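Student: My questions all concern the structure below.
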Amino acid sequence: MKKTGILALLFFSLLFLSCGKGSSTGPMIDSVKKKGVLRVGMSTFVPWAMNDKKGSLIGFEIDVAKELAKDLGVKVEFIPTKWSGIIPALLTGKFDIIIGGMGITEERKKKVDFTKPYEYSGMSIVANMKNAPGLRNLEDFNRQEIIIAVRLGTTAAEAAKKYFPKARIKLFDDESQAVQELLNGRAHAVVASAPLPEFQSLKYSKKLYLPLKDTFTREPIGFALRKGDGKSVEVLNKWIDEKWSGGFLDSRKNYWFRTRKWAGQIE
Amino acid sequence: MSKTKTRAGLKYPDLALFAFLVIFIGFVVYRVSYSLEYRWDWGVIRQYLFRFDADKGGYVPGILVKGLAATVRLSIWSGIIATVLGFLFGVSRVYGNFFLKKISYIYVQTVRNIPSIVFVFIFYFFFSSQVLAWFGIDEAMSDLSPVSEEIVQMLFCKPSLFTAFLSAILTLGIYEGAYMTEIFRAGIESVDRGQWEASDSLGFSMFQQMRYIILPQALRRILPAIAGQIISIIKDSAIVSVISVQELTFQGMELMASTYRTFEVWIIIMVMYFGLTYTCSFFIGKLNERMDRKGYQR
């Protein structure tokens, strides 16, 4: 038995030894141009990226990624990935870049490199009328009996922990589950990037309401790349500057976040 | 196995149980539809099963049906891998030299003592990204001709997602292979010792003993168990949704994230899995009956 245990240990250590650094072969931008394909990691977030009726992807991030690929002169390929595992998937080379509404945080910067912000987003909150009525400011939610549902691994989860340290935070794999928890009355509020809470409060106007008119954080959103790829970051930063001044980013933002013209494509 | 079908009349306890079940189901339905105030909307789901495509002038599968097809492909491939591995390791567990026996023992014990979800993550992030990268599969997949692209799509999945799919079938195959190994080992060991000795004294070589005497008997006995394990593979395949393989569960969860129709989508997924595995069990049941009729001992 002892010998077997040692053998098993050997087997495991071999397994881990085989996991050195990911293959880092020059700047990502160069290899993408060589391959002719930009592989984009993303995850479903309404309205950043979602499936339409035809099963194809639409949303703000999808438009941005397509535009970027067009300007680089390559094809784009989307790799839908669970948000909670998206950074490891980038690091292990499952795709070249994350274009998925990823907020730039110090914590994430330790693992990936970010470009300049190509968008700003903020957290807002939506609450249940029945079990949490009449709450009007942030402090109202910072109480022990309050349960806040958020999506795992998002900046919403961090914001909820930071702003409501006393409240209980429940983590879910995606927003639809968090919202379902709220509708079921097992949570008092959901924190998520605007405009999702607003849309939910409109959709379920008899059950949910918006305690705060505005977002309570403002966070920059950037493309995430594997570490130590200065050249690609530089190229992308230049591209982002151009798209800000050319009005592309603003117009896309208006379409996806300020209107709901796209809603017919989904249901 | 004798087949005596007796239909006993319904007794009071049965009726009470039946009434209880009806009330319980009614209560659940009531809670979901009234208390939760969940707005059911099955109309939305239809287009994710099949939708009319104006360009092609016909119905095309929606993402849920595509997900189901991916689950079927995933299960078939990992079923094949698991069976092959199970056979090889099962045989070496019984006949192998010391080294082979140990290897096979470690394989079975390692896999069976790790939760499948942990195994999936370890294999996907540490192992497959390194090992599969050596073979340059990504590069090979990106410059396929349109025809071979179509073939890959039909047999596996979209070429762009091939590595993830490949590591999923390998992971599932290796995982289920450990259970298959035990099935094969049990089958081989169940063949009476006398059969060995008889064939040995008749001058059969090791290979001939296996080929003509032992395996035919063992396989017949373990066929139902193998079939059952393959059904297990279909169910376990839902696990690889965590590594973003686009099978039924993953597609369903993506759809829920887009449409927020949580209950409808889960129910459809449940019905699809049930349909798939129940059909398989039905045919396996038929196969067993046939073998019984033919008088194979089990």
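Student: Could you tell me what percent of the DSSP beta bridges with both partners in the protein assembly as shown are antiparallel, to the nearest 5?
Tutor: In the protein assembly as shown, approximately 60 percent of DSSP beta bridges are antiparallel ones.
Student: May I pose another question? To the nearest 500 deg cm²/dmol, what mean residue ellipticity at 222 nm is calculated for chain A from DSSP H runs of n ≥ 4 alone, each contributing -39,500 (n - 2.57), summed and divided by the residues?
Tutor: After summing the helix terms and dividing by the residues of chain A, the value is -10500 deg cm²/dmol.
Student: Return a single number: how many Lys pairs in the range A:123-209, at a sequence separation of 8 or more or on separate chains, have alpha-carbon atoms below 23 angstrom apart.
Tutor: Value for the range A:123-209: 9.
Student: Excluding B:L255 itself, calculate the net charge of residues whose Cβ lies under 12 Å from the Cβ of B:L255, where each Lys or Arg counts +1 and each Asp or Glu counts -1. Provide the component values of the computation, followed by the final result.
Tutor: Values: positive: A:K53, B:K66, B:R261; negative: A:D52, A:D174, A:E267, B:E254, B:E264.
Surrounding charge for B:L255 is -2.
Student: Taking the convex hull of the alpha carbon atoms in the protein assembly as shown, what volume per residue do you get, in Å³?
Tutor: 224 Å³
Student: Another question, then. Residue by residue through A:92-100, how many Cβ atoms from other chains fall within 10 Å of the Cβ on average?
Tutor: 3
Student: For A:R143, enumerate residues with amide H under 5 Å from its amide H, sequence gap 5+ or separate chain, H modeled in the peptide plane.
Tutor: Counting only residues 5 or more places away or on other chains, the set is A:A167.
Student: Give me the log10 of I(q) over I(0) for chain A at q = 0.07, 0.16 Å⁻¹, as the Debye formula computes it from C-alpha points; what are the numbers?
Tutor: Relative scattering, expressed as log10 I(q)/I(0), comes to -0.30, -1.19.
Student: So for the range A:123-209, what percent of the C-alpha to C-alpha distances run longer than 15 Å? List each step's numbers first, then the result.
Tutor: Numbers: 1825 of 3741 pairs.
The proportion of pairs with Cα distances above 15 Å equals 49 percent.
Student: Out of all DSSP beta bridges with both ends in the range A:123-209, state the antiparallel percent to the nearest 5.
Tutor: On the way: 7 of 14 bridges.
For the range A:123-209, the DSSP antiparallel bridge percentage is about 50.
Student: In peptide B:161-171, how many Cβ atoms from other protein chains are near each Cβ within 10 Å, on average?
Tutor: Mean partner shielding for this stretch: 1.
Student: May I ask what percent, to the nearest 5, of DSSP beta bridges between residues of chain A are antiparallel?
Tutor: Beta bridges within chain A, antiparallel portion: roughly 55 percent.
Student: So for the pair B:Q109, B:F263, with labels modelled 7 Å out along Cα→Cβ, what separation do we get in nm?
Tutor: 4.9 nm
Student: Mind giving me the FRET efficiency for B:Q195 and A:K54? R0 is 56 Å, r the Cβ-Cβ distance, nearest 0.05 is fine.
Tutor: 0.40
Student: Would you please state which residues of the range A:33-66 a label at B:A140 would reach in this model, taking the label point 7 Å out along Cα→Cβ and a backbone N cut-off of under 20 Å?
Tutor: A:35-37
Student: Among the listed pairs A:K66/B:K56; A:K70/A:K253; B:K56/B:K235, which are separated by more than 22 Å between their Cα atoms?
Tutor: A:K66/B:K56; B:K56/B:K235
Student: Right, here's the next one. Using modelled backbone amide H atoms (1.01 Å from N, in-plane), which distant-in-sequence or interchain residues come within less than 5 Å of A:I125's amide H?
Tutor: Residues meeting the amide H criterion: A:L212.
Student: Which of the DSSP-defined H helices in chain B satisfy a minimum axial length of 18 Å, computed from C-alpha atoms, and a minimum mean Kyte-Doolittle hydropathy of -0.5? All intermediate terms of the calculation are to be shown ahead of the outcome.
Tutor: On the way: long enough: B:12-30 (27 Å, 2.09); B:63-95 (47 Å, 1.47); B:98-112 (21 Å, 0.46); B:162-190 (40 Å, 0.84); B:215-236 (29 Å, 0.73); B:262-293 (46 Å, 0.60).
TM-like helix candidates: B:12-30, B:63-95, B:98-112, B:162-190, B:215-236, B:262-293.
Student: How high is the relative contact order of the range A:123-209, given as a whole-number percent (alpha carbon pairs under 8 Å, six or more residues apart)?
Tutor: On the way: 157 pairs, mean separation 37.6, N = 87.
That works out to 43 percent.
Student: Report the calculated FRET efficiency for A:W262 and B:V60 (r = Cβ-Cβ distance, R0 = 30 Å), to the nearest 0.05.
Tutor: On the way: r = 22 Å, r/R0 = 0.73.
With a Förster radius of 30 Å, E is 0.85.
Student: Per DSSP H run of n ≥ 4, the term is -39500 (n - 2.57); total these for chain B, divide by its residue number, and report the mean residue ellipticity at 222 nm rounded to 500 deg cm²/dmol.
Tutor: After summing the helix terms and dividing by the residues of chain B, the value is -23000 deg cm²/dmol.
Student: Please work out how much length the chain gains when fully extended from A:Q144 to A:D214, using 0.36 nm per residue of separation minus the C-alpha to C-alpha distance, in nm with one decimal.
Tutor: Gain in length upon complete extension: 22.8 nm.
Student: A further question follows. How many nm separate the modelled label positions at B:E149 and B:V32, each set 7 Å beyond the Cα in the direction of the Cβ?
Tutor: 4.1 nm
Student: I'd like the distance separating the alpha-carbon centroids of the range B:219-298 and the range A:88-159, in whole Å.
Tutor: 36 Å
Student: Moving to a separate point now. Of the cross-linked pairs A:K35/A:K82; A:K82/A:K213; A:K35/A:K111; A:K54/A:K213, which ones have a Cα-Cα span greater than 32 Å in the structure shown?
Tutor: Numbers: A:K35/A:K82 25 Å; A:K82/A:K213 30 Å; A:K35/A:K111 25 Å; A:K54/A:K213 35 Å.
Over 32 Å Cα-Cα: A:K54/A:K213.
Student: A further question on this structure: Order B:209-222, B:12-25 from most to least packed using the mean count of other Cβ atoms within 10 Å.
Tutor: B:209-222, B:12-25
Student: For labels at B:F126 and A:K110 in the simple 7 Å Cα→Cβ model, what's the distance in nm?
Tutor: Roughly 2.1 nm, to one decimal.
Student: Here's another thing I want to ask about it. When the Cα centres of the range B:37-67 and the range A:226-267 are compared, how far apart do they sit, in Å?
Tutor: Each part's Cα centre sits 30 Å from the other's.
Student: Assuming R0 = 25 Å, can you tell me the calculated FRET efficiency for the pair A:K75 and B:V72, based on Cβ-Cβ distance, to the nearest 0.05?
Tutor: Between A:K75 and B:V72 the formula returns 0.30.
Student: Along the Cα-to-Cβ line of A:K33, 7 Å from the Cα, sits a label point; which residues in the range A:232-253 have backbone N less than 15 Å from it?
Tutor: Only A:232-239 fall inside the zone, counting backbone N under 15 Å.
Student: Taking θ as phi - 60°, what are the ³J(HN,Hα) couplings along the range A:146-154 by the Karplus curve (6.51, -1.76, 1.60), each to the nearest whole Hz, with x for Gly and Pro?
Tutor: Couplings: 8, 10, 10, 9, 9, 8, 4, x, 9 Hz.
Student: When Lys and Arg each count +1 and Asp and Glu each count -1, what net charge do the other residues less than 12 Å away from B:M180, Cβ to Cβ, add up to?
Tutor: Here the count lands on +1.
Student: By how many nm would the segment from B:V271 to B:D53 lengthen if fully extended, with 0.36 nm per residue of separation less the alpha-carbon distance?
Tutor: 76.0 nm
Student: What does the charge count near A:S43 come to, summing +1 for each Lys or Arg and -1 for each Asp or Glu among other residues with Cβ under 14 Å from its Cβ?
Tutor: -2
Student: Over the range B:100-177, calculate the relative contact order: mean separation of alpha carbon pairs under 8 Å at least 6 apart, over the residue count, as a percent.
Tutor: 39 percent
Student: Turning to a different aspect of this structure: Could you name the aspartates and glutamates in cross-link range of B:K158, using Cα to Cα under 18 Å and dropping any fewer than eight places away on the same chain?
Tutor: Filter leaves A:E77, A:D96, B:D138, B:E139, B:D143, B:E149, B:E150, B:E247, B:E254.
Each value in this text was obtained by applying a stated rule to the coordinates, not by laboratory testing. Owing to the predicted nature of the structure, the values given are computational and were not obtained by experimental measurement. So basically every Cβ, Gly included, is an ideal-geometry build from the backbone, and we count neighbours across all protein chains shown.
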